[in-house]
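Asker: Take this structure first; my questions come after.
No lab work stands behind these numbers, since they all come straight from the coordinates. This is a predicted model, so every value here is computed, not measured. Glycine also receives a Cβ, built like all others from the backbone with ideal geometry; neighbour counts cover every protein chain displayed.
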């Protein structure tokens with residue numbers, strides 16, 4: 001009789017585990033469908049809450065198709081390095097809907113033996129932050145990940161088109177600044193020594209629990225979606241792109257699939273970040289514009305830097 005009860009308990013346990021497994025598969029399959037909706041974000045949160053390892057694969061598949069065609073790149077009303085504004089033609093491509101997360105980057109680290117970011121504990125990201133964007137990665141790290149994932153970093157032009165669409169939006173959501181639509185950290189009240197050490201401590205803490213400044217889960221601000229439905233192009237982490245930074249403007253670049261090839265010093269970054277060590281709120285707003293350009297050495301990770309990947313596609317085959 002005891003054997004029968006034990007057998008029944010084992011059968012029920014296996015049935016429960018099978019149910020959890022099948023539920024996870026259904027969620028991941030729904031998440032991999034094209035298009036963005038509130039349901040997709042809910043599915044991401046469900047996978048994150050259960051620490052489902054399938055979250056990484058599901059996010060890998062959540063890419064947005066950007067059709068070939070022209071768009072307005074740059075700005076004549078902002079910084080000199082964004083001029084001149086002009087029509088640029090891009091071939092079709094896909095770009096990650098979300099910034100690369102801890103879940104995805106951990107899988108890469110474990111598969112390749114790659115060095116993890118400095119705020120991790122060994123190969124483990126901070127607890128409870130599976131769906132937060134990875135930060136503190138250099139350009140080489142981002143490039144290595146995208147190649148491993150059989151993708152690549154987007155070019156500056158591809159990033160900007162995904163952000164503003166073909167109508168020349170200033171911000172991903174439109175032409176009016178809304179600070180509640182992006183995780184753009186408030187500037188520090190005073191410049192002080194040790195500011196970067198403080199920043200690394202912030203990214204180790206889950207701000208949704210502590211109320212401190214820091215990273216937020218990808219897709220936290222659905223109203224910030226770009227015309228194509230790409231998320232978090234303003235705030236959270238600034239994003240590495242493929243191009244070198246040319247220390248100049250666009251005048252000498254082609255208008256078809258442009259990409260800055262040198263000088264080989266700084267790599268380009270796009271988008272604002274969660275942390276503003278110096279300056280004021282206007283700086284975060286300015287850097288959140290789709291046409292805003294920034295740069296940094298690619299050899300090391302900055303607490304503000306992350307990335308997303310892209311890949312080329314043939315027109316008509318997203």
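Asker: What is the Cα centroid distance between segment 217-273 and segment 123-171, reported in whole angstrom?
Answerer: 9
Asker: Also, I was wondering about something else. Could you check the spin-label model distance between residue 49 and residue 175? Points 7 Å from the Cα along Cα→Cβ, value in nm.
Answerer: Simple spin-label model gives 4.1 nm for this pair.
Asker: Now for a separate question. Taking the highest mean first, how do the peptides 124-136, 216-228 order by number of other beta carbon atoms within 10 angstrom per residue?
Answerer: Working: 124-136: 21.8, 216-228: 20.2.
Packing order, densest peptide first, comes out as 124-136, 216-228.
Asker: So if I restrict to the alpha-carbon atoms in segment 235-318, what is the Rg, and what is Dmax, the biggest pairwise distance, in Å?
Answerer: 14.4, 46
Asker: Which order do peptides 58-64, 47-53 fall in by mean Cβ count within 10 Å, highest first? Don't jump to the answer; show the numbers that get you there.
Answerer: Working: 58-64: 21.0, 47-53: 16.7.
Result, highest mean first: 58-64, 47-53.
Asker: What do you get when you divide the Cα radius of gyration of segment 66-312 by 2.2 N^0.38 Å, with N the number of residues?
Answerer: Values: Rg = 17.0 Å, N = 247, 2.2 N^0.38 = 17.9 Å.
The reported ratio for this selection is 0.95.
Asker: Can you tell me which of 288-295, 254-261, 236-243 comes out highest on packing, and rank the rest after it, using the mean Cβ neighbours within 10 Å? Mind dumping the intermediate values first?
Answerer: On the way: 288-295: 22.9, 254-261: 14.6, 236-243: 27.1.
Listed from highest to lowest mean packing, they are 236-243, 288-295, 254-261.
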